[in-house]
Amino acid sequence: MEQRHLGRTGLRVSRIGLGTLTWGRDTDEHDAADMLKAFWEAGGTLVDTADVYGDGEAEYLLGQLMEGLVPRRDLVISTKAGSVPDPERRFDGSRGHLLAALDASLARLGTDHVDVWHVHAYDPYTPLEETLQALDLAVSSGRARYAGVSNYCGWQLAKAATWQLAAPGIRTRLASTQMEYSLLQRGVEREVLPAALDLGVGLLPSSPLGRGVLTGKYRQTTPPDSRGASEFLAPFVAPYLDDTASRIVDAVTTAADGLAVTPLQVALAWVRDRPGVTAPVIGPRNAQQLTAALSVEALSLPDEICRALDDVSAPLHRYPDHDWSTL
């Protein structure tokens, strides 16, 4: 699998990442083992998790598999901290919480460091410089090799990245930002992606298949074994089952038929090769789904297909994102 630099850093990662959102809940240890081994054998290196996935079970399961199945040195482990099960305060970006969460993640993973550590979301109740200091301390102590953020909007990302760049050698450059990005969700193109490109921050798209909808599996009905039928994830899929999404899925399917490939391959290749993207993070539930996703490695979409997909899925961006004189 082709490797890419993560943002403006020396770290190289596979251009497809393996996500573990369902590990320890919908994905058991046997399926997780099959996927991790298949991903590694295909040349995949980037494995993404978080301290809240499966209430910590995803990290624990990954740690168990690294112990005897896949060498730790061959993987780039990314995890996240900051989400908390508190309805009054969903995110805690305080230095104390983040560093304690990192120590707990390392214990579950059975390793002395993670390769990339992300703040899971912006916390408006904690000064940004305090949150970012936790990243600096994690890197300076060796518990994390690189640091990034997740789910930061444009101004939040720009402020955080600029703050870190203001004291080179003292503060840790942001390596990456993890954001949802697909043909069904192109909101990052408004401000996040331009900021990331300008500041040298690599984009790691989550849900690159539109929460599974871009595979075309929901065109007729909701498969009983799909996320859309899952008690936990049905509300996650529901927003992308509207008429607008249906038109985009139809276009993806038409493109796939013309290229003699699958809608999954078309949708994943599109986001993988967008400017500023380092590696989409996919979330297969079993080895069969993973194999289908990894088959995209040999596919590059023709320019005319990309333009057609861009047109049918184009978000409405007006002032101030476009030249005001043309409006």
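If you take the residues in the stretch 19-35 that are under 17 Å from the mean Cα position of the chain (by Cα) and open to solvent by less than 60 Å² (accessible area, probe 1.4 Å), which one is modelled with the lowest pLDDT? Spell out the reasoning first.
So in the stretch 19-35, the residues under 17 Å from the mean Cα position of the chain (by Cα) come out as 19-23.
When the remaining residues are screened for being open to solvent by less than 60 Å² (accessible area, probe 1.4 Å), the result is 19-20, 22-23.
Working: Gly19: 98, Thr20: 98, Thr22: 92, Trp23: 96.
For the stretch 19-35, the residue satisfying everything is Thr22.
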- Residue satisfying all of: in the stretch 50-78; β-branched (Val, Ile, Thr) and without any contact (Cβ under 8 Å) to a residue 40 or more places away in the chain; nearest to His120 (Cα to Cα) among these: Ile77
- Item | Unmet criterion (only one of (1) open to solvent by 20 Å² or more (accessible area, probe 1.4 Å); (2) part of a loop (DSSP other than H, G, I, E, B)) for Asp257 | (2)
- Taking the stretch 185-214 and keeping residues more than 19 Å from Ala147 (Cβ to Cβ) and open to solvent by less than 30 Å² (accessible area, probe 1.4 Å) leaves Arg186, Val188, Leu193, Ser207, Pro208, Leu209, Gly210, Gly212, Val213, Leu214
- How many residues, within the stretch 60-95, are assigned to a strand (DSSP E or B) and hydroxyl-bearing (Ser, Thr, Tyr)? 3
- Checking Arg274 against (1) open to solvent by less than 40 Å² (accessible area, probe 1.4 Å); (2) touching a residue at least 40 places away in the same chain (Cβ under 8 Å); (3) within 16 Å of the chain's Cα centre (by Cα), the condition it does not meet: (1)
- Task: Could you list, in sequence order, all residues of the stretch 285-327 that are in a helix (DSSP H, G or I), farther than 20 Å from Met1 by Cβ, open to solvent by less than 90 Å² (accessible area, probe 1.4 Å) and modelled with pLDDT of 95 or more?
- Result: Ile305, Cys306, Ala308, Leu309, Asp310, Val312, Ser313
- So which residues in the stretch 55-74 are crowded, with 21+ Cβ neighbours inside 10 Å and either out of contact with any helix residue (DSSP H, G or I) (no Cβ under 7 Å at 6 or more places or on another chain) or of a type in the set (S, T, N, Q) (or both), if there are any at all? Ala58
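The values are calculated or read from the model by the stated rules, or taken from the named source; none is laboratory data. Values in this document were obtained by computation on a predicted structure and should not be read as measured data. When we count neighbours, we look across all protein chains shown, and the Cβ atoms used for this are built from the backbone with ideal geometry, even at glycine. In case anyone asks, the SASA skips ligands and DNA or RNA and just uses the protein heavy atoms, side chains included. Shrake-Rupley method; radii C 1.70, N 1.55, O 1.52, S 1.80 Å.
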